[in-house]
Amino acid sequence: MSLDYLFEPSSIAIIGATVKPEKVGYAILKNIIDGGYKGQIFPVNPKYEAILGLKAYKSVEDIKKDVDLAIIVVPIKLVPDIMVQLGKKGIKSAVVISAGGKETGEEGKKIEEEILSIAKKYNIRFLGPNCFGFINTELNLNANFGSSMPLKGDTALISQSGALFASILDWAISENIGFSYCISTGNMADLEFGELINYLGTKKNVKRILIYMESIYDAYKFVRYSKEVIKKLPVIITKSGRTEAGKKAAVSHTGALAGKDFLYSACFERLGALRADTVELMFDLTEAFSKQPLPEGNRFAILTNAGGPGVLSADRLGNWNIKPAQLEKETFIRLDSILPPAWSRGNPVDILGDATPERYRQALEILLEAKEIDGIVGILTPQFMTKPYETAKEVVNLLYEKREIKKPFYFSVLGGEKVKSARSFLDKSSIATYETPEEAVDCMVLAWKEHYLKNLVNNDVIIKPEFTIPEEKRKAFVKELLSKGKKLLSVYETKQLLQKYDIPVNKTFLVKEKEEIKSLDIEFPVVVKIQSPDILHKTDIGGVIFPVNSIQQLLSAFDEVINNAKTYKPDANIEGVIIEQFIKDGFELILGSSKDRIFGQYIVFGTGGKFVEFVKDVSFGFPPLTKNFAQLLMENTNIYNLLKKGFRNIPPANLEKLKTVLIRFSYMLVENPEIEEIDINPLMVKGDDIFAVDGRIKLSKTTEKHLIFD
């Protein structure tokens with residue numbers, strides 16, 4: 001069923017409308033009338049003959065005309081019966097304003113489930129419960145009780161919080177930001193983010209979508225419905241619940257089941273959506289995207305009439321691991337020809353506190369024309385000689401004249417009364433204007449990230465790698481182990497599986513009897529480890545010895561680890577001794593996977609070794625990895641720069657080979673959903689050499705599906 005019945009109705013019934021101004025049913029009806037909605041309006045309340053000048057009806061069944069949308073404003077315990085009435089009347093959509101659903105506990109959850117069950121029976125799609133309603137400015141339809149009609153625009157808003165929905169709209173009016181659609185989702189018993197994004201993506205008057213999100217209930221549905229829209233439109237998401245306290249607050253507020261926050265970020269990135277840490281930043285980005293082109297690279301210039309703010313801007317770029325762009329000789333010569341001798345002679349380009357409007361314009365023109373610059377952050381401070389309003393006019397005129405140059409300029413105008421007229425003039429122009437340099441820099445970097453992510457997604461191709469061993473034989477290994485009741489795989493078994501997916505491992509032997517050692521093809525030095533499912537922390541009990549440099553040392557080490565194991569746990573099940581090629585002097589990485597109750601199977605990659613939990617330099621992704629997103633998985637870690645450049649006696653890593661290992665690993669997860677957890681630590685990398693040195697796998701019979709991004 002088309003959601004146009006809900007968001008573009010030709011007739012509306014307000015069930016629970018009232019003459020009492022303090023009631024929600026009054027506010028919604030009045031907002032619809034005052035907004036100028038031209039469709040038919042049917043107030044429903046058995047207590048009244050008329051409400052706000054409109055005939056009132058005892059029930060929806062008394063309305064003799066067709067109704068597209070019902071807005072329900074009655075106690076939630078009455079909503080199931082109302083839904084039955086809607087179904088019998090043939091009403092196809094509803095907005096359930098009523099609170100008291102799953103956000104209140106188990107009883108509310110049961111009522112919500114009953115409402116959904118009835119709605120499905122009658123093919124009714126609905127928003128809520130526990131929501132503020134929605135707005136369609138094209139129809140002048142203000143079907144909410146928390147805000148007046150916003151300005152018309154080409155931005156859509158979806159908010160999981162009703163109160164924040166109202167606050168955002170109130171703020172947007174003062175900031176001169178317009179909307180096409182504004183939707184409060186509430187508890188999302190039926191309509192969730194994915195379907196709403198999908199619907200809004202079909203509308204010509206939606207150029208970008210803003211989302212305030214507390215949680216996703218069904219990540220598979222979210223990805224399936226939203227992925228095609230996010231590929232073509234900017235979607236900016238402010239997600240709350242980053243901290244444990246925030247997650248608990250989200251649960252108590254909307255009954256949300258918050259997943260791991262880092263997986264939300266990874267999911268948004270994989271789709272090409274942009275995450276903004278604050279609502280303020282979300283609006284700053286909206287202004288930037290609606291007024292200026294996106295930067296095609298991250299080579300940024302800072303133009304300022306004061307040294308301090310320029311340094312702050314450079315520092316802010318540094319927080320994003322970006323350096324100000326290096327000015328080329330031609331640009332430097334041009335700037336030198338029009339600026340005083342005391343100018344900064346570098347980037348930030350400080351044109352000094354006595355800069356005239358003409359000097360600001362000339363310097364900006366040179367930077368706009370500089371091929372080595374992708375975007376410009378401008379800073380204007382109200383010093384004694386400064387003419388803020390005149391400078392603003394010069395900047396606006398120049399950008400209009402140079403509009404064929406698709407290069408963004410974000411302007412930070414600092415101060416209060418002295419710059420008031422300049423800022424007012426700029427707000428009405430095509431220039432994104434900010435109160436602080438940090439805001440301008442953040443928006444410039446994130447605008448580039450939006451461009452970068454869209455390129456990753458839209459130029460991404462999933463190509464399954466070729467493997468040496470046929471697929472049925474690769475998958476049979478895990479199934480055979482499970483059939484034998486095996487759930488925790490040893491290092492040796494883990495490496496056997498990795499090898500089936502052409503993931504390199506260091507040479508490894510499992511030896512049960514000491515006499516077997518002399519027949520092995522061993523390259524010294526080696527590591528000797530006890531193999532027992534009853535001993536997890538082998539190093540702590542003397543179950544690991546290295547480096548072992550000769551056959552005599554090896555025979556002795558074999559006896560030693562067995563004796564230490566038996567001393568520690570006499571009844572331990574000792575399956576043998578593992579002998580591994582000793583790998584030294586390389587980058588220690590971690591590559592692993594686990595499962596999340598919302599997002600399913602995910603991948604972790606980053607700095608490994610024994611301090612992995614302390615360092616916490618990891619990034620996250622989802623299988624199957626493509627070349628683009630295997631690359632991003634690496635780039636999102638701090639160790640990536642060391643892998644690229646090398647460190648001391650460790651040469652740079654073969655990143656293409658490492659990327660291939662990541663992709664092969666991801667397909668191993670897809671083909672074997674029985675892998676509940678896997679941890680390769682360390683994955684040793686040194687130049688062309690990559691070895692899975694140690695690892696563990698936990699299996700289960702559950703086979704949850706993975707997210708489908710292609």
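Using Stokes-Einstein with the Kirkwood hydrodynamic radius over Cα pairs, what translational diffusion coefficient do you get for segment 1-69 at 37 °C and a viscosity of 0.692 mPa s, in µm²/s rounded to a whole number?
On the way: Rh = 12.3 Å.
Reported coefficient: 268 µm²/s.
By the gyration tensor of its Cα atoms, with a ≥ b ≥ c the square roots of the eigenvalues, what is the shape of segment 525-567: rounded for a/c under 1.5, prolate for a/b over b/c, or oblate? Could the numbers behind the result be given before it?
Details: a/c = 2.54, a/b = 1.79, b/c = 1.42.
Because a/c hits 1.5 or more and a/b exceeds b/c, segment 525-567 counts as prolate.
Show 513, 466 ordered by accessible area, largest first, where the area counts protein heavy atoms only and the probe is 1.4 Å. Please report the intermediate quantities before stating the final value.
Details: 513 110, 466 160 Å².
I get 466, 513, largest accessible area first.
Between residue 403 and residue 23, what length comes free when the chain is fully extended (0.36 nm per residue of separation minus the Cα-Cα distance, one decimal in nm)? If you can, show how the numbers build up before the last one.
Working: separation 380, 0.36 × 380 = 136.80 nm, distance 5.11 nm.
This chain segment gains 131.7 nm when fully extended.
Which percent, nearest 5, of DSSP beta bridges in segment 53-211 are antiparallel? Present the calculation step by step, with values, prior to reporting the outcome.
On the way: 7 of 23 bridges.
In segment 53-211, approximately 30 percent of DSSP beta bridges are antiparallel ones.
Can you put 493, 580, 107 in order of accessible area, largest first, using a 1.4 Å probe?
Sorted by accessible area, descending: 107, 493, 580.
To the nearest 10 square angstrom, how much accessible area does residue 202 have with a 1.4 angstrom probe?
90
Just round it to a whole percent: the fraction of Cα-Cα distances in segment 485-644 exceeding 21 Å. Mind showing how you got there, number by number?
Details: 7227 of 12720 pairs.
Result for the distance tail: 57 percent.
Which FRET efficiency value, to the nearest 0.05, do you get for residue 356 and residue 207 by plugging their Cβ-Cβ distance into 1/(1 + (r/R0)^6) with R0 = 41 Å?
Step by step, r from the Cβ atoms, then E = 0.65.
Size of segment 562-710 along its principal axes in angstrom, Cα-based, largest extent first?
50, 44, 26
Give the accessible surface of the chain per residue, rounded to a whole number of Å², with probe radius 1.4 Å and ligands, DNA and RNA excluded. Walk me through the numbers on the way to the answer.
On the way: 30870 Å² over 710 residues.
Dividing the accessible area of the chain by its residue count gives 43 Å².
Given a cut-off of 29 Å, name the pairs among 58/92; 454/479; 329/418; 495/584 whose C-alpha atoms lie farther apart than that in the structure shown. Display every interim value, and only then the final one.
On the way: 58/92 20 Å; 454/479 39 Å; 329/418 36 Å; 495/584 18 Å.
Going by Cα-Cα distance, 454/479; 329/418 fall outside the 29 Å limit.
Angle between the Cα long axis of helix 491-500 and the longest principal axis of the chain, 0 to 90 degrees, nearest 10?
In the chain, helix 491-500 runs at an angle near 70 degrees to the longest axis.
Between rounded, prolate and oblate, where does segment 48-180 land on the alpha carbon gyration tensor, with a ≥ b ≥ c its root eigenvalues, rounded for a/c under 1.5, else prolate if a/b exceeds b/c?
On the way: a/c = 2.03, a/b = 1.37, b/c = 1.48.
Since a/c reaches 1.5 but b/c is at least a/b, the shape of segment 48-180 is classed as oblate.
Could you check what % of the DSSP bridge pairs in the chain are antiparallel, to the nearest 5? Spell out each step's value before the answer.
On the way: 52 of 102 bridges.
The answer is about 50 percent antiparallel.
Residue 104 accessible area, nearest 10 Å², 1.4 Å probe?
For residue 104, the solvent-accessible surface is approximately 90 Å².
Could you name the aspartates and glutamates whose alpha carbon sits less than 15 Å from that of residue 65, not counting residues in the same chain fewer than 8 places away?
Within the straight-line limit of under 15 Å, residue 65 reaches no aspartates and glutamates at all.
Pop out the Kirkwood hydrodynamic radius of segment 306-423 from its pairwise C-alpha distances, inverse of mean 1/r, in Å to one decimal. Walk me through the numbers on the way to the answer.
Details: mean 1/r = 0.0680 Å⁻¹.
So the Kirkwood estimate lands at 14.7 Å.
For a quick check of understanding: with a 1.4 angstrom probe and all protein chains in place, what accessible area in square angstrom does residue 345 have, to the nearest ten?
110
Over 39 Å apart: what share of the alpha carbon pairs of the chain falls there, rounded to a whole percent? Could the numbers behind the result be given before it?
Working: 124712 of 251695 pairs.
Cα-Cα pairs in the chain separated by more than 39 Å: 50 percent.
Of the listed pairs 529/566; 512/569; 595/705; 203/449, which have alpha-carbon separations greater than 22 Å here? Please list the in-between numbers first.
On the way: 529/566 14 Å; 512/569 18 Å; 595/705 10 Å; 203/449 25 Å.
Over 22 Å apart, Cα to Cα: 203/449.
Starting from the residue with the highest accessible area, list 65, 512, 610, 486 in decreasing order, probe 1.4 Å. Walk me through the numbers on the way to the answer.
Values: 65 105, 512 135, 610 180, 486 45 Å².
Putting 65, 512, 610, 486 in descending order of accessible area: 610, 512, 65, 486.
Could you work out what % of the accessible surface of the chain is carbon and sulfur, using a 1.4 angstrom probe and leaving DNA, RNA and ligands out of the count? Numbers along the way, then the final one.
Details: 15630 of 30870 Å².
Ligands and nucleic acids excluded, carbon and sulfur reach 51 percent.
The values are calculated or read from the model by the stated rules, or taken from the named source; none is laboratory data. Computed from a predicted structure; not experimentally measured. With ideal geometry, Cβ positions are generated from the backbone for all residues, glycine too; neighbour counts draw on all protein chains shown. Side chains are part of the model used for accessible areas, which takes the heavy atoms of the whole protein and leaves out ligands, DNA and RNA. Shrake-Rupley method; radii C 1.70, N 1.55, O 1.52, S 1.80 Å.
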